[in-house]
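Have a look at the structure below, then the notes.
The values are calculated or read from the model by the stated rules, or taken from the named source; none is laboratory data. Only a predicted model underlies this, so the values are computations on that prediction, with no experimental measurement involved. Note that we place each Cβ from the backbone using ideal geometry, even for glycine, and neighbour counts take in every protein chain shown. Ligands, DNA and RNA are excluded from the accessible area calculation, which covers all protein heavy atoms including side chains. Shrake-Rupley method; radii C 1.70, N 1.55, O 1.52, S 1.80 Å.
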Amino acid sequence: MKFIIGIGGVTNGGKTTLTNRLLKTLPNCCVVHQDDFFKKPDQIEVGDDGFRQWDVINAIDMEAMVSTVKGWQENPVKFALSHGVSMSPESTSEEGIHILIVEGFLIYNYKPLIDVYDKCFYISIPYEECKKRRSTRTYTLPDPPGLFDGHVWPMYLRHRKEMEDNSDRIAYLDGMTSKNDIYNKVYESLQNGLLNNL
């Protein structure tokens, strides 16, 4: 059995923290991080707002991301082994449980991906908390002054509305609750909804 779980949400909302914890507890679990598919900086357009447009779907090689997800769908065992994921002995065939987590901030905004998810989660946090968390992060390319208010947050609002208009299957999570509460809610939902065999 194959399951694909989407973990989406606002920047610095806790997506990767949740994903990493699920990776440690779910059997035969692989992950595709949307951040791994960002285009090179010189391929990112500068918008009318004066900022490089990192927070838009065109900044990501979504075709490569979809191709990676399809690679997992075609052969999750081969995918897991080629990505260094330890497999349980009974799961080295197609009969075992195989799980893929797709994690990212725009994973529900690309039509070829919307229908692949068996379960969808989205973590949100309020503006002030998001701005605070983002200001404490160190990025390879540091945020220029004004980026959060001038680009990041407006793009988040735009893409969240687009996502809400295009999908009604998403379970929303409050990123202000504890990491344990978020994890427990997601794990319980997975057990009840998908993984009764765990």
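Remarks
- Under Karplus coefficients 6.51, -1.76 and 1.60, residue-wise ³J(HN,Hα) of the range 25-42 in Hz, glycine/proline x: 10, 8, x, 6, 10, 10, 9, 10, 8, 4, 4, 6, 10, 4, 6, 5, x, 6
- For the chain, calculated [θ]222 nm from helices alone, where every DSSP H run of n ≥ 4 adds -39500 (n - 2.57): -11000 deg cm²/dmol
- For K2, a cut-off of 17 angstrom between C-alpha atoms picks up these lysines, skipping any fewer than 8 places away in its own chain: K70, K78, K119.
- Considering only alpha-carbon pairs that sit under 8 angstrom and 6 or more positions apart, the relative contact order computed for the chain is 35 percent.
- Cα centroid separation, the range 1-32 to the range 128-151 (Å): 23
- Taking every protein chain into account, the accessible area of the chain amounts to 53 square angstrom per residue (probe 1.4 Å).
- The simple Förster model, with R0 at 30 Å and r as the Cβ-Cβ distance, assigns N58 and L81 a FRET efficiency of 0.35.
- The accessible surface of the chain, taken with every protein chain in place and a 1.4 Å probe, is 49 percent carbon and sulfur.
- List T136, T11, T19, ordered by accessible area with a 1.4 Å probe, largest first: T136, T11, T19
- For K39, residues with placed amide H under 5 Å, excluding near neighbours: I60, D61
- Put simply, the amide H of L100, placed in the peptide plane, has neighbours under 5 Å in F3, I4, I5, C30, leaving out anything fewer than 5 places away on its chain.
- Surface listing: S67, S167 arranged by accessible area from highest to lowest gives S67, S167, probe 1.4 Å.
- Each eigenvalue of the Cα gyration tensor of the chain, multiplied by 5 and square-rooted, gives one semi-axis; in descending order these are 30, 19, 15 Å.
- Simple spin-label estimate for N180 and N166 in nanometres, 7 Å along Cα-Cβ: 3.7
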